[in-house]
């Protein structure tokens, strides 16, 4: 895990150096920093990192706008970092495709735990193939294969789909899915889960409006109908 490249974007240079030091002490040697969204976009024009940590409140292009630019070209996992902790900001970040949200000031241990959890979900060690009615899901690569098309999963989508694939044909509650997607601090995440379910259906179903594989069990949760799980 520590061989992964992490991009950190924040306009506070002292904070960038502090985060770099936190990762260095934890064994992460590949940490790239940018002091603005524009600088980050220039870096993203080359080889993509394995994960990005974005400050929300930056002059010029803010973290949300940068996240939109990233999502237009990549599904790499993104942790939003901000001094604001309002629920609306968190929901906005999740709706745009953020994988997690951490409020400043934070403890070094909490930052590392969040990053390790995101990387574990995005780059799982054990390979599993889930064959569905209209698609095949490679849980090792976090991607969906439908016909000739390969569609990447975000880390949150992966967390939800992996949990469903662990119990094919069985009901998985909303609480369990929220916890799988974002960890122990999942309360209030239920409405955003519905967005992830919608996006997953768009990726795995032949007709997302009439799903055959990812089914809603009203009042309880969801279940995944898989033809085969390797």
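Observations, loosely collected:
- When each of 194, 51, 57 is scored by the number of other beta-carbon atoms lying within 10 Å, the sequence from fewest to most is 194, 57, 51.
- At full extension, residue 198 and residue 14 could sit 62.3 nm farther apart than now, given 0.36 nm per residue minus the alpha carbon distance.
- Reported label for calculated Rg/Rh (Cα atoms, Kirkwood Rh) given (1) 0.97; (2) 1.05; (3) 0.95: (1)
- 0 to 90° range, to nearest 10: angle between helix 190-204 axis and the chain longest Cα axis: 70
- Folded to 0 to 90 degrees: helix 13-25 orientation relative to the chain principal axis, Cα: 60
- Bridge type composition, the chain - antiparallel percent by DSSP, nearest 5: 55
- Between helix 63-73 and the chain there is an angle of about 50 degrees, using the helix long axis and the longest principal axis of the Cα atoms.
- Max mean-square fluctuation residue, GNM over the chain, Cα-Cα springs under 10 Å, options 118, 204, 151: 151
Here, each number is a calculation from the coordinates, and none is a lab measurement. The model shown is predicted, which means the values in this text are computed figures rather than measured ones. Every residue, glycine as well, gets a Cβ built from its backbone with ideal geometry; the counts of neighbours run over all protein chains shown.
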